[in-house]
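Down below is the structure, laid out as C-alpha cells.
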Amino acid sequence: LMYISPAASSTCEMVAEILEELLPQGVMQKPEANLMLAGIMLDTKNFTHNVKDSTFAAVQYLYDRQARTDTAGTLFSERPADLAISSEFGQNTRIYKENIAVTWIESSDSAYGDDIADVDIRVAASKAADKLLNIRNIDATFALVRSDRTVYISARSNGKINVQLILERLNGGGHFDVAGAQVVGESVMNVLETLKAFNKQLGI
C-alpha cells in the first residue's frame, strides 16, 4: 500500500485515517494512541501550523482511544543532554544568502551519552529547524545531524521557499514548508555544500 498525501499535517494523521477504517474498537492501546497524537502535535507545532479538518478528525479518533494532549506532551520533556544538543545547534548556526539559516552537528549521538538514541538526535534537528525559523528575515532553515553513517536533514519554511522541492533532490520529501531527507555515506559538510548548490540552481 502506498498512500501519499502532501496536504496531511503529518504521517500520524494519515496512519490514524487508515487505522480508523481497519481496526475494531478496543484494539489500539492507550500508549499507541498517545504516541500518534504526539506525532501530530510535533508536526503541527501544537496545532498552530498546517492544520485542517482532517487533522482534528484524526485527533478525535485518538482521543476516543484515550490519547490526551497533556500525556502526549510529556514525551517532549528535555534532559540535560537535550540542552547540550540544542546548544551545539545554536553555536553552529550560519546565515546563507541573508534569508536561509543552516545549522548542523557533525558528531554522532554517542557524544551525548548512552541515553540519547538515534531518534532523539533527529527530533533535536527538527526542533532546531523550527526554532531558527523565528529569526527575523529568515525564510527557510535546514538542520543537519550525522548519526552513524547517515546525515539527517530537517527543513522548514515560512511559505516563501519550497523546501520539499529542494530535499526531493536528495530523495527526501514532505510539504512545501516542512520536509526531511537522509543521506548515507556523506559528511555533514558535504551535504551542506550540496544543499547550497541546489539552492543556486533553483535561484534561491
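The values are calculated or read from the model by the stated rules, or taken from the named source; none is laboratory data. Just so it is clear, the structure is predicted and the values come from calculations on it, not from any experiment. Neighbour counts run over all protein chains shown; Cβ positions are idealised from the backbone, glycine included.
Some points to look at:
- Cβ pairs under 6 Å, 6+ apart, first in the range 149-165 and over 14 Å from L195 (Cα atoms), second assigned to a strand (DSSP E or B): R149/V184; T150/Q182; T150/V184; S157/A140
For (1) at pLDDT below 90; (2) farther than 22 Å from N92 by Cβ, each residue gets a yes or a no:
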residue	(1), (2)
I153	no, no
R156	no, no
G159	yes, yes
E168	no, yes
G174	yes, yes
V178	yes, no
Q182	no, no
E193	no, no
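- Filter pass, V59 being out of contact with any strand residue (DSSP E or B) (no Cβ under 6 Å at 6 or more places or on another chain), closer than 24 Å to H175 by Cα and not in a helix (DSSP H, G or I): no
- Search result, residues across the range 1-24 that are at pLDDT 90 or above and more than 16 Å from K45 (Cα to Cα): M14, V15, A16, E17, I18, L19, E20, E21, L22, L23, P24
- Where a residue in the range 1-15 is closer than 13 Å to F56 by Cβ and its partner, wherever it lies, is modelled with pLDDT under 90 and in a loop (DSSP other than H, G, I, E, B), with Cβ under 6 Å and at least six apart: S9/T44; S9/N50
- Some residue of the range 143-151 being touching a Phe, Trp or Tyr at 6+ places or on another chain (Cβ under 6 Å), over 20 Å from G39 (Cβ atoms) and in a strand (DSSP E or B): yes
- Taking the criterion of being under 17 Å from R146 (Cα atoms) and not aliphatic (A, V, I, L, M), the residues of the range 172-193 that qualify are G172, G180, Q182, G185, E186, S187, N190, E193.
- Residue in the range 73-82 that is in a loop (DSSP other than H, G, I, E, B), of a type in the set (S, T, N, Q), touching a residue at least 24 places away in the same chain (Cβ under 8 Å) and farther than 30 Å from N190 by Cα present: no
- Check on M14, out of contact with any Ser or Thr (no Cβ under 7 Å at 6 or more places or on another chain), of a type in the set (A, V, I, L, M, F, W, C) and surrounded by 16 or more Cβ atoms within 10 Å (Cβ to Cβ): no
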